[in-house]
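Below: the structure, in structure tokens.
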Amino acid sequence: MIASDLQTAVSRLRDLIEDAQVIVPFTGAGISTECGIPDFRSPGGLWTKNRPIPFDEFRANRDMRDESWRRRFAMERSFAAARPGRGHRAMASLYRAGKIPALVTQNIDNLHQASGFAPQDVVELHGNTTYALCLDCNAPYDLRWVKEKFENNNQRAPDCACGGFIKTATVSFGQAMPAAAMRRAEELAKTCDLFLAVGSSLVVWPAAGFPLMAKRNGATLVIINREPTEFDELADLVVRNDIGDALAPFIGA
Ligand SMILES: [Zn+2]
């Protein structure tokens, strides 16, 4: 059922949230656009202008690593200034109320943690761009440190003391999905009784698998997204209103 208007959407959503014991949200870029984080994949988005650098090229080519860091620092203003939006705050309220055990996200912007989720309760399928890791020894690096080295060395990316390459903690194209995060997301999808897909087009693997998994295990499926998705027919409720508008009533719930 597609909610005919915002009021209907909110009232249906309120009933489903009240009835649910275990809610698992699955969030995508749409929840963060009101925070000034661009949707990279959208038409006109960054990825249509700048071809993403695949993981094997990052590893193989120093110029690609430098270019990748140049792009990342160019976006720092957006990422550093971003604060949780209404969708994030609503999810955090339900988390604090004990309705949400953990949340699965495709986003790399750290805004769920910033809204009050404990880091271990945010399952990040595509990693996190607000810090960096050595690809070999996994040592964590602060972006400010990387930037300082980068600028002081003629826009050359620094390497780890172990000789490994330093990369944002994100999952690049061609890079293996994080196995532990995938397992946890699957487990969450299978054990919830309300699966809330928020701001994801649900097209990109593995995103597409989770709503189905939840539904097959008996969960109620809600899709909140501006654009239609492939799973709308399967969903118990589809909300195509603005995400912030639809979720704002649940802040402080
Ligand atoms: Zn290292």
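The values are calculated or read from the model by the stated rules, or taken from the named source; none is laboratory data. Just so it is clear, the model here is predicted, and its values are computed rather than measured. Virtual Cβ from ideal backbone geometry, glycine too; neighbours counted across all protein chains shown. Protein only, heavy atoms only, side chains kept; ligands, DNA and RNA dropped before computing areas. Shrake-Rupley method; radii C 1.70, N 1.55, O 1.52, S 1.80 Å.
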- Message: As an exercise: evaluate F173 against (1) away from the ligand (no atom under 16 Å from the Cβ); (2) modelled with pLDDT of 95 or more and give the number of the one condition it does not meet.
- Response: (2)
- Item | Top-ranked residue of the range 144-153 - restricted to ones that are away from the ligand (no atom under 16 Å from the Cβ) and in a helix (DSSP H, G or I), ranked as nearest to Y131 (Cα to Cα) | R144
- Query: Out of (1) of a type in the set (F, W, Y); (2) surrounded by 21 or more Cβ atoms within 10 Å (Cβ to Cβ); (3) within 16 Å of the ligand (Cβ to nearest atom), what's the single condition that is false for Y131?
  - Reply: (2)
- Message: Testing G98 on (1) free of Cβ contacts under 8 Å to residues at least 24 places away in the same chain; (2) within 16 Å of the ligand (Cβ to nearest atom); (3) not hydroxyl-bearing (S, T, Y), one condition comes back false. Which one is that?
- Response: (2)
- Task: Would you please list the contacts, defined by Cβ atoms under 8 Å and residues six or more apart or on different chains, that run from a residue in the range 59-78 that is among the polar types (S, T, N, Q) to a residue that is at pLDDT below 95?
- Result: S68/I53; S78/G36; S78/I37; S78/P38
- Out of (1) at positive phi; (2) surrounded by fewer than 19 Cβ atoms within 10 Å (Cβ to Cβ), what's the single condition that is false for K190? (1)
- Query: In the range 1-39, what count of residues is obtained for those that are surrounded by 20 or more Cβ atoms within 10 Å (Cβ to Cβ) and polar (S, T, N, Q)?
  - Reply: 2
- Query: Among strands (runs of 3 or more DSSP E) lying entirely in the range 154-253, which contain 1 or more residues that are closer than 25 Å to F55 by Cα?
  - Reply: 166-170
- Item | Cβ pairs under 8 Å, 6+ apart, first in the range 213-234 and surrounded by 13 or more Cβ atoms within 10 Å (Cβ to Cβ), second of a type in the set (S, T, Y) | N217/T191; I223/T229; N225/S200; N225/S201; T229/S200; T229/S201
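Can you pull out the residues in the range 136-169 that are closer than 27 Å to A102 by Cα and open to solvent by 20 Å² or more (accessible area, probe 1.4 Å)?
Of all residues in the range 136-169, those closer than 27 Å to A102 by Cα come to 138-143, 167-169.
N138, A139, P140, Y141, D142, T168 - these are the residues of the range 136-169 that are closer than 27 Å to A102 by Cα and open to solvent by 20 Å² or more (accessible area, probe 1.4 Å).
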